[in-house]
Amino acid sequence: MEPTFHLLLYRAFHAQRSYLYPRLRELGLGPGQPKLLEYLGSRGPCAQRELAEYFEIDPAAVSRMLDTLQKGGFVARQTDGDRRRDRMELTEKGQAAREAWREACREMEDVMLRGFTREERESLARGLARVYNHLRTERGEGPWET
């Protein structure tokens, strides 16, 4: 069977998750939570709606993840009277988990891209961004903005 692009992408995604999953558990984080820590660490405090829009996931799922992160001491809530408008921010524990996760991702990328030249890495990144933007455009959404 000749591998198709969607199968190759799925397998690469699955291999990435399998590689990182033990580190996720060590840090006390659940699936999907590291990306929230990364966003908060790089962009600062924000509302859950902003997180849901950026990651294109259900606001209720973001709310559940944030509640778990808050209970774990990774994020703190800046209250505004309306829970939907509360702003979430990283705690020191959250910042430490973010840094540990970033290091785990760097290690995984070193393994994943072993033997790739700088040009090949850049080409792969551009290609994946193009794939993503084509799918967004097909759904009637604008291009991805970092």
- prompt: Based on the Cα atoms of the chain, what semi-axes does the equivalent ellipsoid have, where each is the square root of 5 times one gyration tensor eigenvalue, given in whole Å with the largest first?
  reply: 29, 20, 14
- request: Distance between Cα centroids, segment 9-59 to segment 65-112: provide it in whole Å.
  value: 9 Å
- prompt: So what's segment 99-146 giving for Rg/Rh, alpha carbon basis, Kirkwood Rh from the mean inverse pair distance?
  reply: 1.11
message: Computing the accessible area with a 1.4 Å probe over protein heavy atoms, can you report the carbon and sulfur percentage for the chain?
response: 54 percent
statement: Note, ARG121: beta-carbon cut-off 12 Å, +1 each Lys/Arg, -1 each Asp/Glu, net -2
query: What 222 nm value per residue comes from the helices of the chain, counting each DSSP H run with n ≥ 4 as -39,500 (n - 2.57) and dividing by all residues, nearest 500 deg cm²/dmol?
result: -22000 deg cm²/dmol
statement: accessible surface per residue for the chain, probe 1.4 Å, DNA/RNA/ligands not counted, whole Å² -> 70 Å²
message: Nothing charged except the Cβ atoms of Lys and Arg (+1) and of Asp and Glu (-1): what's the magnitude of the dipole of segment 5-146 about its Cα centre? Round to the nearest 20 debye.
response: 260 debye
- request: For segment 1-80, give the magnitude of the charge dipole about the Cα centre (Cβ charges: +1 Lys/Arg, -1 Asp/Glu; no others), in debye to the nearest 20.
  value: 280 debye
- line: Checked against the positive end of the charge dipole of the chain (+1 on Cβ of Lys and Arg, -1 on Cβ of Asp and Glu, about the Cα centre), the farthest of ALA104, GLY94, THR137 is GLY94
Farthest toward positive dipole pole in the chain [+1 Lys/Arg, -1 Asp/Glu at C-beta], among GLY72, ALA52, GLY127: GLY72
- request: Compare the peptides 10-17, 113-120 by average per-residue count of other Cβ atoms within 10 angstrom and give them in order, highest first.
  value: 10-17, 113-120
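The values are calculated or read from the model by the stated rules, or taken from the named source; none is laboratory data. All values reported here derive from a predicted model rather than from experimental measurement. Don't worry about glycine lacking a Cβ; one is built from the backbone with ideal geometry, like all the others, and counts go over all protein chains shown. In case anyone asks, the SASA skips ligands and DNA or RNA and just uses the protein heavy atoms, side chains included. Shrake-Rupley method; radii C 1.70, N 1.55, O 1.52, S 1.80 Å.
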